[in-house]
Structures are given as structure tokens and as C-alpha cells.
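For reference, the structure I am asking about is given below.
The values are calculated or read from the model by the stated rules, or taken from the named source; none is laboratory data. Computed from a prediction, not measured in an experiment: that's the story for all the values here. In case anyone asks, the SASA skips ligands and DNA or RNA and just uses the protein heavy atoms, side chains included. Shrake-Rupley method; radii C 1.70, N 1.55, O 1.52, S 1.80 Å.
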Amino acid sequence: QGQLSNGEWCVKAESADRVTIAWCEMGVVKGPWSYDSNKRQMLHNEYNKCLAVSADTRELVLRSCDAQNLYLKWTWREIIPHWAKRH
């Protein structure tokens, strides 16, 4: 529903170009993110920018969406812990 998280940690935009990892808001799963599976880009709907990895610092940042820029491409897959797998 728009939340980009891992457990209790959420990816949040601090400004139009700065991204941070912070505690998720309790009881809330909605958020400003949407994923375009054709372009493989994660869009922040409020800033209308895409999640990227900075080529210089390797930090998460927001950048203008560019379908050719590999630093803005994301592939998601489900990971099931070994203890949760059925044998």
C-alpha cells in the first residue's frame, strides 16, 4: 500500500533528494511509494522522483526518474527464511 520497509524499518524521504531509514509508524502500512515493474523504478509519489543509489556515495537518494539510468533500477523478490520453509 505504498510503504517501503523491512520489518520495522521504513525508507522515508527527508526532502526532495534525501532519503533516510527510520522506524515505521506503528499500525500504518500506507506510504508514498509505488513500483513500476516495467521500468523497474520505485517512485516517491509526493516528490515525483525515483529511488536511486548515488554513484558517488552509494547512499539511497531521490533523483529525477530516468528509464535508462541503472542506478534507479530495482528488482524485488520474496525471501523465505529457512525456518519457515516447508520440507
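What lysines does Lys39 reach when the alpha-carbon gap must be under 17 Å and sequence neighbours fewer than 8 apart in one chain are set aside?
The qualifying lysines are Lys49, Lys73.
Using a 1.4 angstrom probe on heavy atoms only, work out the carbon and sulfur share of the accessible area of segment 32-87 in %.
Numbers: 2220 of 4610 Å².
Reported share for carbon and sulfur atoms: 48 percent.
Taking amide hydrogens as modeled 1.01 Å from N in the peptide plane, which residues meet the under 5 Å criterion relative to Cys24, leaving out close sequence neighbours?
Amide H neighbours of Cys24: Trp9, Cys10.
Rank these by accessible area, largest first, 1.4 Å probe: Met42, Met26.
Numbers: Met42 15, Met26 175 Å².
If we order Met42, Met26 from most to least accessible, we get Met26, Met42.
Still on this structure, I have one more. Based on alpha-carbon positions alone, could you give the equivalent ellipsoid semi-axes of the chain from the gyration tensor, as √(5λ), descending, whole Å?
So the equivalent ellipsoid measures 23, 17, 13 Å along its semi-axes.
With θ set to phi - 60° and the Karplus curve 6.51 cos²θ - 1.76 cosθ + 1.60, what are the ³J(HN,Hα) couplings of segment 62-74 in order, to the nearest whole Hz, using x for Gly and Pro?
With coefficients 6.51, -1.76 and 1.60, one gets 9, 9, 4, 5, 9, 5, 8, 7, 5, 6, 10, 8, 9 Hz.
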